[in-house]
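All of the numbers you see were taken from the coordinates with simple rules; none came from a lab. Just so you know, these numbers come straight off a predicted model, no measurement behind them. Here the Cβ is made from the backbone with ideal geometry for all residues, glycine too, and neighbour counts use every protein chain on show.
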Amino acid sequence: QVEDSQLRRQIDAVRANLAEYVVPRLPRLEQSVIHNDANDHNVIVQRTATDQQQVAGLIDFGDMAHTYTVAGLAIAIAYAMLDKTDPLLDATRIVEGYHSVLPLGDDEFAVVFPMACGRLAASACLAAVQQRQRPDDPYLSVSQQPIHRTLQRLLDVQPRFAETAFRQSCGFTPNP
């Protein structure tokens, strides 16, 4: 149980968005094996000839899972949005890059933002359990304040608005 009442309210709001925007679409989402932990510590980046950065690979395959393919994108977005001033802008850039390699469909555009928020909420719940089990482990609280701050910013963004931003950035009509 998450003791912080404000964080609990945030988690409940994320859960409501998952129920409304994600659960009805789950039967239509493609599944595959995903890395399941694409974060800044597990992504290898290289510079291109034009001095741009691009993803060259991933490390740490311990969290791999067979699940919804778009969940891999959602997880990467969740970590990228963490403690950012304009998290939706960062998410939009990642969606745009992902879509250029693996095109997204209408359902994926609709679920990726609530799924990313869900990843952060799940991380907060897991940390609460682990902190009770190991109260002297400082590693368990490293990302919790950034998650708390980020969830509040993300809850100010309507999932349909995020979907529209993602679709438009990828060249689709904003609202099908």
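The table below gives the values:
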item	result
Magnitude of the charge dipole, the range 102-152, Cβ model with Lys/Arg +1 and Asp/Glu -1, debye to 20	300 debye
Contour minus Cα-Cα distance for Thr173 and Ala122 (0.36 nm per residue)	15.2 nm
Point-charge dipole on Cβ atoms (K/R +1, D/E -1) for the chain, about Cα centre, debye to 20	280 debye
Computed over the chain: relative contact order in percent, which uses C-alpha pairs under 8 Å that are six or more apart	27 percent
Listed residues Ala74, Ala49, Ala16, most fluctuating in the chain (Gaussian network, C-alpha, under 10 Å)	Ala49
Residue (of Leu82, Gly171, Gln145) at the positive-pole extreme of the range 76-176, dipole from beta-carbon charges	Gln145
Residue among Arg15, Arg134, Arg153 with the largest mean-square fluctuation in a Gaussian network model of the chain, springs linking Cα atoms under 10 Å	Arg134
Highest-fluctuation residue, Val112, Val55, Val157 considered, GNM on the chain with Cα pairs under 10 Å	Val55
In range of the label at Arg28: residues from the range 87-106 whose backbone nitrogen is under 13 Å from the point 7 Å along Cα→Cβ	105-106
